[in-house]
């Protein structure tokens with residue numbers, strides 16, 4: 001005879017505890033996202049001739065150029081260096097964001113039955 005209600009194999013705890021855990025996890029993720037948005041990631045190119053800083057909000061917050069890299073005869077090189085430094089800073093930010101989120105998701109393991 002089948003059990004009435006519940007899930008096959010039984011579900012540890014009750015739905016109320018599951019909802020509380022989900023709400024707590026959501027708050028933790030929101031807090032972590034707010035904290036992450038305040039962080040900055042800096043990368044350079046051309047041996048430090050160009051330095052770009054981006055925020056966790058994916059916004060460029062700073063661009064620094066060494067005087068010797070500003071050559072009116074070679075604007076393309078400067079553009080390439082800025083692009084390379086920006087892409088590296090964004091890659092660092094994305095990597096940190098992924099690590100941050102996977103750390104939070106690791107907290108799911110013990111509480112959910114699936």
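FYI, it's all coordinate maths here, none of it is from the lab. Source: prediction; values computed, not measured. Note that each Cβ is placed from the backbone with ideal geometry, even for glycine, and that neighbours are counted across all protein chains shown.
Full extension of the chain between residue 28 and residue 57 yields a length gain of 8.7 nm, computed as 0.36 nm times the residue separation minus the alpha carbon distance. The modelled label-to-label distance between residue 101 and residue 17, using points 7 Å beyond Cα along the C-beta direction, is 3.0 nm. Shape class for the stretch 38-98, computed from the alpha carbon gyration tensor (a ≥ b ≥ c): prolate, with a/c not under 1.5 and a/b above b/c. Using R0 = 22 Å, the C-beta based FRET efficiency linking residue 42 and residue 94 works out to 0.95.
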